[in-house]
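Accompanying notes for the structure given below.
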Amino acid sequence: MDAHISIKKSTPRKARVTIFVFVVILLITVVALFFLRTSEPSYAGVSLGVWCEKIHDSHKNQAEAIKAVHNIGSNAVPWLLHDMRSSERTLGSRANALLARQSIVKWRFEKPSTSWSRAMCGFVALGGEGRKAIPELESMVTEENPRCLMATMSLAGIGHEAVPLLCRHLTNDSMHVASAVAASIPKAAFFGRLNDDDLNVLLTALRDQSKWTNDFMSEAITKIESISLLKVNPQNHEAK
């Protein structure tokens, strides 16, 4: 009987502790975000993060958003890298795990994967203006985790200056890394971040590498060939 009573008494106490911890974390986050947002680069009165989200969400003004990020230029690089550095072991992720144990508060912190995707869209929009981020992005490419693909797509989005790195990692000892590189190339080409010479170099590297043979490699070759064909014969695309 006593044990039953003590359990009942502890339940409200745990709920109060959870809410208290949440409120403290929320206050810290709100203050931090306030100071970050006030100095975040912007274009036409709209912050970099919002423009990147419009690109990610395929917003109807996506072309305008890409132009806006490009106009912000290299000032966007530190902010995009900050988003790309988001870890699944951050305070926000731990707070989400804590909040998942209760049903009173529905709000959750942003997932790291959302930050990675937003940063990737920013780097693709920046193109060559994001070249300063290449060394750090390459270090992320070699990590065998979900961020690897977003970092690889960011590198491919930067374009010409990242091509040697992409070629090298097509034969990475990790199939996960090599496949991520292969998958990123057609996407970057679609956004026009790789010129004809870049595509030819990467296509040759894909065909010549014999270390890994899988669907990612085959699909990348097919897509690049299709993109190259459309550039040579644009009327084929128009006819469809």
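Please treat every number below as a calculation from the coordinates, not as lab data. On a predicted model such as this, the values are computed, not experimentally measured, just so you know. Virtual Cβ from ideal backbone geometry, glycine too; neighbours counted across all protein chains shown.
Listed values, structure above:
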| read-out | value |
| --- | --- |
| Cα Rg, Dmax, the stretch 137-188, angstrom units | 9.2, 25 |
| Ranking of Trp212, Trp79 by count of other Cβ atoms within 10 Å, fewest first | Trp212, Trp79 |
| Potential extension, Phe190-Arg207 segment - 0.36 nm per residue separation minus Cα distance | 4.2 nm |
